[in-house]
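Here's the structure we're looking at; comments come further down.
We did not get these values from a lab; they are worked out from the coordinates using the rules stated. Because the structure is a prediction, the values reported are computed rather than measured. All Cβ positions, even for glycine, are placed from backbone atoms using ideal geometry, and neighbour counts span all protein chains on display.
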Amino acid sequence: MPELPEVETVVRGLQVHLPGRTIAAIRLGKTDFIDNPAALEEILPGSRILSVHRHGKFIVVHLEKPPASQAPAESSPARFDFIVHLGMTGNLVVRPASAPFPPHTHAWISLDNEKELRYTDPRRFGRMLVLPQNETAQILGPLGLDPLEATEEQFRNKVQSKRARIKAVLLDQRAFRGMGNIYTDESLWRARIHPARLAANLTRQEIARLYCAAQSILREAIRLGGSSISDYVNADGQPGEFQIRHRVYDREGKKCSRCAARIRRIIVAGRSSYFCPRCQRAPRQKKK
C-alpha cells in the first residue's frame, strides 16, 4: 500500500499539473470504490482546481465550483474537496488525453489543457469521493499526528500514552497518520528498537531516536520518490527508488547492513515485521 512518502510524491507531482486548471468532463468505469459516483459527475465538471495537498495517506484536491447560471450574480463559488485514497494498487497520473491508458483505469478527469487526470487500480481497494469542504473533517478529522509535522514532544507524548506494541502504535492511523509497514520497520531498525516493545516502556532517549529516525527515513524516501515494490508510480508514471535503500523490510534471511546478523520476520499487530535480532533486542519475557 502506498504510504506517506509515496502519497507525498504523488501530491507534489499533481501540484505541478493541477492548480489553476478547470475540469472539463469526467468519465467513470467501474465505480464500486467511489462514494456516490453521481456526485462526482455532477460537481467535478466546471470546477476550478485551487490546490492539492496530502493528509495522511489521503490526496485532497480543493475545488471551486462557480454558481449555477440561474443563481444571483453576487453568489459566491461553492468549495468542495475531491478526496482520493490509493488503497493497495491505486495510481493517480496526469497524461495527455490522446495517450493510451492501461487496463484497470476507472476514472478519466479531463482538464482544460487537453490532459487527463487518470485513476488506475487493479484491485479497487482505493476510495474516491467529493464533499463540501465543511464536511471533510468527518473523513479526515479522526486521523492522528503527521509524523513529519509533529514536534518531538508531541511524538513522545503520543507514544508514551499507548500500552500497545510500538509497531502497532506507529501503524495506527489514529495515532500517526501516513505511517505504514515499510517505513515503520525501517524507522525501528534505524532507531534500534524491537517492533514488539511496548510503546509506554520506551525510554525518553529511545523515543527521541525513533522520532529522528522516522523523520529522516520519510524525508529520504520522499526525496527518492518513494518505494516501488508492486504497482506504485508517481503522478508522471515514474517508479520510486527508495526500495534499493531498504535495510530490513522484506529482507528476511539477508545480512543486516549494520552488524551482519540475519534479518528475521515475526508477526506484530497482524503484520509481517522485519528486524535485526542483534541490533533490535527483543523485550524480556516475564517469568510466570
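When the convex hull of its Cα atoms is viewed from all sides, the chain shows a mean projected area of 17.5 nm². Taking amide hydrogens as placed 1.01 Å from N in the peptide plane, the amide H of R165 sits under 5 Å from those of A199, each at least 5 positions away in sequence or on another chain. Less than 5 angstrom separates the built amide H of A261 from those of C256, all sequence-distant by 5 or more or on a different chain. Filter the cross-link list K158/K254; K65/K158; K57/K162; K57/K115; K65/K115; K57/K255 down to pairs whose alpha-carbon distance in this structure exceeds 27 Å. From the list (K158/K254; K65/K158; K57/K162; K57/K115; K65/K115; K57/K255), the Cα-Cα distance tops 27 Å for K158/K254; K65/K158; K57/K255. This model, with +1 at the C-beta of Lys and Arg and -1 at the C-beta of Asp and Glu, gives the chain a dipole about its Cα centre of some 2580 debye. I want to verify the translational diffusion coefficient of segment 4-140 in µm²/s; compute it with Stokes-Einstein, Rh as the Kirkwood radius over Cα pairs, at 4 °C and 1.567 mPa s. Stokes-Einstein gives a translational diffusion coefficient of 85 µm²/s. Projecting the Cα atoms of A97, P77, Q154 onto the dipole axis of the chain, where Lys and Arg carry +1 and Asp and Glu carry -1 at the beta carbon, places Q154 farthest toward the positive end. Share of pairwise Cα-Cα distances greater than 17 Å in segment 124-252 is 62 percent (whole percent). Computed from phi, the 3J(HN,Hα) profile of segment 9-25 under the Karplus parametrisation 6.51, -1.76, 1.60 (θ = phi - 60°) reads 5, 4, 4, 5, x, 5, 5, 6, 9, 9, x, x, 7, 10, 7, 8, 6 Hz, with x in place of Gly and Pro. With respect to the chain, whose longest principal axis is taken over its alpha-carbon atoms, helix 181-191 is tilted by about 40°.
Helix-only arithmetic for the chain: the sum of -39500 (n - 2.57) across DSSP H runs with n ≥ 4, divided by the residue total, places the mean residue ellipticity at 222 nm at -7500 deg cm²/dmol. Each Cα pair under 8 Å and six or more residues apart adds its sequence gap; the mean of these over the residue count of segment 4-140 is a relative contact order of 27 percent. For the pair R163 and K255, label points projected 7 Å from Cα toward Cβ lie 4.4 nm apart. Dipole magnitude of segment 152-275 about its Cα centre, charges +1 at Lys/Arg Cβ and -1 at Asp/Glu Cβ only, in debye to the nearest 20? Here segment 152-275 has a charge dipole of around 660 debye. Under a 5 Å amide H cut-off, with hydrogens placed 1.01 Å from N, D146 pairs with R177 among residues at least 5 apart or on other chains. What FRET efficiency do you get for R204 and R48 if R0 is 45 Å and r is their Cβ-Cβ distance, rounded to the nearest 0.05? Approximately 0.40, to the nearest 0.05. Across q = 0.10 Å⁻¹, segment 178-288 modelled as identical point scatterers on its alpha-carbon atoms has Debye log10 I(q)/I(0) values of -0.31, in the order of the q list.
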